[in-house]
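Engineer: Sharing a structure, written as structure tokens. Questions coming.
The values are calculated or read from the model by the stated rules, or taken from the named source; none is laboratory data. Since we're looking at a predicted model, the values are computed, not measured. Counting neighbours? That spans all protein chains shown, and the Cβs are built from the backbone with ideal geometry, glycine included.
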Amino acid sequence: MLRYLQIMDWFKNFDINLPFLKKSGSIEYFFSLNIGLEKLTAGVWAIDGGKLHLINTSKEKYSSEDQIIQLTDKLLDAALDILQIEPKKILFGVPDSWLLDEQLKEPYLKLLKKLADDLELTPLAYVSTTSALVHFLEQTEGAPVTAVLVGIGENFLMTAVLRAGRLDGSKVVKRGQNLGEDIEKLLLAFPEIEVLPSKIHLFSLTSQNLEEDKSVLLSYPWMERLSFLHLPKIDILEDDIEIKAVSLAGATEFEEGIKYDQKAPGIKLSKKSFDSLGFVTGDILEQKEQKPIQKEVIEEDVIRNEIEEKDREVENKIEKIYSNKKRLLIPVAFLSLLIMMYLLLPKANILIFVEPRILEKDTQIVADPTVTSVDEKNGKIPGQIVEVVVSGNEKGLASGKKQIGDSAKGTVVIYNKTDASKALSKGITLTNSNGLKFSLDTSVSIASQSATDLGITFGKASSTITAFNIGADSNLPSGSDLTISGYSASQVSAKSEGNFSGGTSKDVTVVTDSDQKKLLATLASNLRKKAQEELQKKLADKKILEEGLQEEITKKSYSKNINDQASEFTLNLSAKYKGTAYSDNDLKMIISKLVTTQVPDGFELNLKDAETSADVSKLEKDGKLIFLARFRAKLIPKVDTGKIKAAIRGKTLSDAVNTLRGFDNVLGSDIKLLPPIPPPLGRLPIIDGNIKIEVSLK
């Protein structure tokens with residue numbers, strides 16, 4: 001029977017299960033437009049099968065609000081591309097700066113209205129892009145997010161802080177020369193946050209590749225500048241995440257529980273002929289003529305015929321009496337059986353949809369190693385101090401550039417043009433006309449000038465000099481003039497004797513301070529995760545948070561020092577990690593007891609589907625783990641199934657549906673009769689036991 005019902009249900013939705021028979025009007029398509037700080041992004045999306053399908057997108061940078069209307073028309077056409085669909089409605093994502101107390105500022109409200117009017121589209125709603133991102137990340141990661149969001153554009157930076165899925169605010173600043181310092185300034189604008197989340201999610205405000213920005217941020221000294229519990233983990237979010245988030249936020253308003261799916265639904269294609277579907281004309285049945293049957297008449301003896309005729313009349317009367325009774329009894333019995341089956345055998349499965357309420361509670365919980373049992377009054381649960389030492393190594397790439405080589409050397413003749421002898425110390429500087437500097441290799445004494453028959457003769461002495469800098473530029477030709485530090489050319493001068501040689505240089509790759517810090521950040525992050533996994537294996541019944549581990553580096557050894565020539569280098573690292581483990585059941589129990597008193601009349605709390613999350617706030621020296629705990633659960637309306645059964649038994653399907661709508665908190669219903677009965681004849685069972693009611697959240 002189960003297989004039969006499945007087949008019947010499949011044929012009931014025959015046109016849905018065969019894609020080429022889907023009705024083109026069964027899916028409604030929508031536009032979405034995200035107005036970013038530097039970029040406009042348009043999208044076409046639809047809802048199909050409980051999933052959001054972002055079918056196509058287009059984007060372009062803009063520099064002023066005056067360009068928005070003109071570019072939007074172009075972007076919507078580009079997003080449609082060759083799709084043969086005509087969305088009539090549009091959803092907007094807007095920057096936080098456009099909002100005041102969650103309402104659009106008047107100039108921007110007028111802008112969106114004009115935009116919708118000019119495009120002849122119906123505006124659905126607007127949503128803060130940052131809020132949409134929070135919702136998107138929570139759905140895709142399956143839990144409330146704790147992280148720092150950083151949007152990177154060519155001219156602007158946007159930073160938002162999320163803790164346990166709650167947005168603490170967002171800030172925007174124009175970009176400067178140093179990306180890390182710009183982000184630091186933005187995060188310092190959140191003074192109320194004692195400990196920043198140890199995750200940084202990067203996403204692009206324009207279209208640039210963020211890998212280089214990530215590399216820069218990995219080597220930034222976060223722990224020295226900001227209140228991170230440990231070195232933050234940095235990752236890059238998927239492309240076009242803003243338009244995906246905005247579209248998902250809009251879709252959720254249409255249908256709760258919508259999931260994001262990249263795969264597009266069936267697209268409305270151009271009309272095709274029936275021949276292309278393979279339809280052919282069937283055969284025509286021919287009718288055959290029937291020949292009449294002729295009866296033969298047999299004559300018999302008149303007397304015998306009369307006697308037999310009378311006998312037949314008597315027999316016919318008797319047969320007719322019994323036949324009429326049989327014909328009457330059979331339909332009555334069959335009809336009675338049908339009525340009994342109609343009233344007693346049918347069963348009904350009724351799914352009632354109710355609208356839940358969301359109950360959320362934020363509170364501070366302390367996992368305290370000195371506590372042995374749950375302390376509801378003071379918000380404490382038992383904690384257990386754990387520690388482990390882990391080691392590892394990692395290779396990194398060197399990125400610095402440096403010139404290496406040898407300095408040029410040569411001989412100079414130094415001339416003394418004064419009447420007194422001169423003594424030049426080793427290391428004194430000599431400079432040529434191009435500014436190249438050299439140093440005297442040895443101390444030199446030079447006699448004074450003297451008079452001869454031919455005139456004045458300068459005192460002179462020879463010595464070798466060495467160039468300050470490496471490179472062939474210092475290979476001076478013979479006869480080059482040089483000045484000597486502390487003397488004018490009219491007093492003491494020098495001239496190269498012979499060509500200088502030995503000056504060489506080349507560019508090589510060396511290890512930089514940034515390279516070492518980047519490798520340290522990567523390896524420390526890996527070791528932290530390894531430490532958490534090892535501790536979790538030892539304490540399977542406890543929960544240990546990676547971000548709640550204190551780090552103490554016990555050994556750090558690089559294979560290359562800063563400025564050493566190398567294309568790659570290695571870091572060996574050992575670290576001790578210490579933290580506090582706790583029971584997740586204790587956490588759920590203490591939070592649920594705090595919120596039980598907040599359940600309104602007519603609702604019940606379903607702890608089975610409750611969600612709890614913990615955002616580490618602080619790990620104190622004595623092992624106390626302090627975190628912000630968040631509890632989120634759905635309150636289910638109480639439904640009196642006995643009262644409902646009494647109200648709908650024996651009613652037609654349409655009457656039963658209308659009756660159910662009259663009950664408090666009931667949004668709708670789905671009634672299935674077993675065995676299937678055509679709707680005009682269908683009635684609910686008159687026996688309560690044959691009615692099964694299930695309650696589901698809408």
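This table checks each residue for (1) assigned by TED's automatic domain parsing to the domain that holds residue 464; (2) under 30 Å from residue 523 (Cα atoms); (3) charged (D, E, K, R).
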position	(1), (2), (3)
370	no, no, no
390	no, yes, no
436	yes, no, no
445	yes, no, no
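Engineer: Something else about it: Collect the residues in the stretch 70-108 that are part of a strand (DSSP E or B), in contact with a strand residue (DSSP E or B) (Cβ under 8 Å, 6 or more places away or on another chain) and farther than 11 Å from residue 33 by Cβ, keeping them in residue-number order.
Structural biologist: 89, 99, 104
Engineer: If residue 540 satisfies all but one of (1) out of contact with any Ser or Thr (no Cβ under 6 Å at 6 or more places or on another chain); (2) surrounded by 14 or more Cβ atoms within 10 Å (Cβ to Cβ); (3) not in a strand (DSSP E or B), what's the number of the condition it fails?
Structural biologist: Unmet for residue 540, out of (1) out of contact with any Ser or Thr (no Cβ under 6 Å at 6 or more places or on another chain); (2) surrounded by 14 or more Cβ atoms within 10 Å (Cβ to Cβ); (3) not in a strand (DSSP E or B): (2).
Engineer: For the stretch 627-655, name all the residues that are free of Cβ contacts under 8 Å to residues at least 40 places away in the same chain and either in a helix (DSSP H, G or I) or crowded, with 18+ Cβ neighbours inside 10 Å (or both).
Structural biologist: If the condition is that a residue be free of Cβ contacts under 8 Å to residues at least 40 places away in the same chain and either in a helix (DSSP H, G or I) or crowded, with 18+ Cβ neighbours inside 10 Å (or both), then 643, 647, 653, 654, 655 are the ones that fit.
Engineer: Here's a follow-up. What number of residues within the stretch 218-234 are out of contact with any helix residue (DSSP H, G or I) (no Cβ under 6 Å at 6 or more places or on another chain) and more than 16 Å from residue 547 (Cα to Cα)?
Structural biologist: Total satisfying the criteria: 2.
Engineer: Let me confirm something: among 392, 400, 405, which residue is surrounded by fewer than 17 Cβ atoms within 10 Å (Cβ to Cβ), among the small types (Gly, Ala, Ser) and closer than 30 Å to residue 475 by Cβ?
Structural biologist: None of the others qualify; the one that does is 405.
Engineer: In the stretch 433-454, how many residues are in a loop (DSSP other than H, G, I, E, B) and either surrounded by 15 or more Cβ atoms within 10 Å (Cβ to Cβ) or not polar (S, T, N, Q) (or both)?
Structural biologist: Narrowing the stretch 433-454 to residues in a loop (DSSP other than H, G, I, E, B): 433-436, 441-443, 447-449, 453-454.
Filter again for either surrounded by 15 or more Cβ atoms within 10 Å (Cβ to Cβ) or not polar (S, T, N, Q) (or both), leaving 435-436, 441, 447, 449, 453-454.
Going through the stretch 433-454 one residue at a time, the tally reaches 7.
Engineer: Being under 30 Å from residue 256 (Cα atoms) and among the aliphatic types (A, V, I, L, M) is the filter; apply it to the stretch 357-379 and report the residue that is surrounded by the fewest Cβ atoms within 10 Å (Cβ to Cβ).
Structural biologist: Across the stretch 357-379, the extreme among qualifying residues is 358.
Engineer: Name the single residue that is surrounded by the fewest Cβ atoms within 10 Å (Cβ to Cβ) among those in the stretch 117-135 being free of Cβ contacts under 8 Å to residues at least 40 places away in the same chain and part of a strand (DSSP E or B).
Structural biologist: Within the stretch 117-135, the match that is surrounded by the fewest Cβ atoms within 10 Å (Cβ to Cβ) is 122.
Engineer: Return the only residue of 233, 185, 171, 244 being crowded, with 19+ Cβ neighbours inside 10 Å and farther than 27 Å from residue 526 by Cα. Before you say what the answer is, go through the steps one by one.
Structural biologist: Details: 233 fails: farther than 27 Å from residue 526 by Cα; 185 fails: crowded, with 19+ Cβ neighbours inside 10 Å; 171 fails: crowded, with 19+ Cβ neighbours inside 10 Å.
Among 233, 185, 171, 244, only 244 is crowded, with 19+ Cβ neighbours inside 10 Å and farther than 27 Å from residue 526 by Cα.
Engineer: Could you check the stretch 136-153 and list, in sequence order, the residues that are in a loop (DSSP other than H, G, I, E, B) and within 16 Å of residue 239 (Cβ to Cβ)?
Structural biologist: 153
Engineer: Which one of the conditions (1) touching a residue at least 40 places away in the same chain (Cβ under 8 Å); (2) among the small types (Gly, Ala, Ser); (3) not in a strand (DSSP E or B) does residue 405 fail to meet, given that it meets all the rest?
Structural biologist: (3)
Engineer: OK, next. For the stretch 605-626, which positions are within 18 Å of residue 590 (Cα to Cα), assigned to a strand (DSSP E or B) and charged (D, E, K, R)?
Structural biologist: Of everything in the stretch 605-626, those that are within 18 Å of residue 590 (Cα to Cα), assigned to a strand (DSSP E or B) and charged (D, E, K, R) turn out to be 611, 615.
Engineer: Do the conditions hold for residue 465, that is, is it in contact with a strand residue (DSSP E or B) (Cβ under 9 Å, 6 or more places away or on another chain), assigned to a strand (DSSP E or B), not basic (Lys, Arg) and not assigned by TED's automatic domain parsing to the domain that holds residue 146? Steps first, please.
Structural biologist: Details: in contact with a strand residue (DSSP E or B) (Cβ under 9 Å, 6 or more places away or on another chain): yes; assigned to a strand (DSSP E or B): yes; not basic (Lys, Arg): yes; not assigned by TED's automatic domain parsing to the domain that holds residue 146: yes.
Criteria met by residue 465.
Engineer: Could you tell me whether residue 430 is crowded, with 16+ Cβ neighbours inside 10 Å, of a type in the set (A, V, I, L, M, F, W, C) and in a helix (DSSP H, G or I)? Steps first, please.
Structural biologist: Values: crowded, with 16+ Cβ neighbours inside 10 Å: yes; of a type in the set (A, V, I, L, M, F, W, C): yes; in a helix (DSSP H, G or I): no.
Here the answer is no, as residue 430 does not meet what is asked.
Engineer: Please specify each residue of the stretch 136-145 satisfying the condition of being farther than 21 Å from residue 210 by Cβ and buried (at least 20 other Cβ atoms within 10 Å of the Cβ).
Structural biologist: Of everything in the stretch 136-145, just one residue is farther than 21 Å from residue 210 by Cβ and buried (at least 20 other Cβ atoms within 10 Å of the Cβ), namely 144.
Engineer: Right, another one. Do we have any residue at all in the stretch 181-190 that's in contact with an Asp or Glu (Cβ under 6 Å, 6 or more places away or on another chain) and not in a loop (DSSP other than H, G, I, E, B)? Outline the logic, then answer.
Structural biologist: Our first condition is that a residue be in contact with an Asp or Glu (Cβ under 6 Å, 6 or more places away or on another chain); within the stretch 181-190, this holds for none.
No; the residues of the stretch 181-190 include none that is in contact with an Asp or Glu (Cβ under 6 Å, 6 or more places away or on another chain) and not in a loop (DSSP other than H, G, I, E, B).
Engineer: What residue, among those in the stretch 645-698 that are basic (Lys, Arg) and under 10 Å from residue 350 (Cβ atoms), is nearest to the chain's Cα centre (by Cα)?
Structural biologist: Among those that are basic (Lys, Arg) and under 10 Å from residue 350 (Cβ atoms), it is 672.
Engineer: Sticking with this structure for a sec: Just to be sure, is residue 396 on the phi > 0 side of the Ramachandran plot and in contact (Cβ under 8 Å) with a residue 60 or more places away in the chain?
Structural biologist: no
Engineer: A follow-up question, please. Please enumerate the residues belonging to the stretch 152-165 that are modelled with pLDDT of 90 or more and under 24 Å from residue 52 (Cα atoms).
Structural biologist: none
Engineer: Let me ask another. Given the criterion assigned by TED's automatic domain parsing to the domain that holds residue 425 and on the phi > 0 side of the Ramachandran plot, identify the matching residue among 471, 503.
Structural biologist: Working: 503 fails: on the phi > 0 side of the Ramachandran plot.
Going through 471, 503 in turn, the sole match is 471.
Engineer: For the stretch 154-170, how many residues meet the condition of being farther than 29 Å from residue 611 by Cα and either assigned to a strand (DSSP E or B) or polar (S, T, N, Q) (or both)?
Structural biologist: The number of residues fulfilling the criteria is 4.
Engineer: Further question: Checking the structure you have, find out if any residue of the stretch 562-570 is outside any helix (DSSP H, G or I), under 30 Å from the mean Cα position of the chain (by Cα), touching a residue at least 24 places away in the same chain (Cβ under 8 Å) and crowded, with 17+ Cβ neighbours inside 10 Å.
Structural biologist: For the stretch 562-570, residues outside any helix (DSSP H, G or I), under 30 Å from the mean Cα position of the chain (by Cα), touching a residue at least 24 places away in the same chain (Cβ under 8 Å) and crowded, with 17+ Cβ neighbours inside 10 Å: absent.
Engineer: Got a sec? Which of 587, 545 is touching a Gly at 6+ places or on another chain (Cβ under 9 Å) and either within 20 Å of residue 389 (Cα to Cα) or among the hydrophobic types (A, V, I, L, M, F, W, C) (or both)?
Structural biologist: On the way: 587 fails: touching a Gly at 6+ places or on another chain (Cβ under 9 Å).
Among 587, 545, only 545 is touching a Gly at 6+ places or on another chain (Cβ under 9 Å) and either within 20 Å of residue 389 (Cα to Cα) or among the hydrophobic types (A, V, I, L, M, F, W, C) (or both).
Engineer: Check whether at least one residue in the stretch 200-219 is outside any loop (DSSP other than H, G, I, E, B), in contact with a Ser or Thr (Cβ under 9 Å, 6 or more places away or on another chain) and surrounded by 21 or more Cβ atoms within 10 Å (Cβ to Cβ), and report yes or no.
Structural biologist: Yes; the residues of the stretch 200-219 include at least one that is outside any loop (DSSP other than H, G, I, E, B), in contact with a Ser or Thr (Cβ under 9 Å, 6 or more places away or on another chain) and surrounded by 21 or more Cβ atoms within 10 Å (Cβ to Cβ).
Engineer: Mind checking whether some residue in the stretch 15-31 is modelled with pLDDT of 50 or more and either surrounded by 21 or more Cβ atoms within 10 Å (Cβ to Cβ) or within 15 Å of residue 246 (Cβ to Cβ) (or both)?
Structural biologist: yes
Engineer: Right, here's the next one. Does residue 495 fit the bill of being in the same structural domain as residue 405 (by TED's automatic domain parsing), in contact with a Gly (Cβ under 8 Å, 6 or more places away or on another chain) and surrounded by 19 or more Cβ atoms within 10 Å (Cβ to Cβ)?
Structural biologist: Criteria not met by residue 495.
Engineer: Follow-up. Take the residues in the stretch 621-644 that are touching a Leu at 6+ places or on another chain (Cβ under 9 Å) and of a type outside the set (Val, Ile, Thr); name whichever of them is nearest to residue 194 (Cα to Cα). Talk me through it step by step, then tell me what you get.
Structural biologist: Within the stretch 621-644, the first condition is being touching a Leu at 6+ places or on another chain (Cβ under 9 Å), and the residues that meet it are 625-627, 629, 631-636, 644.
Next, from what is left, pick out any that are of a type outside the set (Val, Ile, Thr): 625, 627, 629, 631-635.
On the way: 625: 14, 627: 11, 629: 15, 631: 21, 632: 24, 633: 27, 634: 31, 635: 33 Å.
Here the answer is 627.
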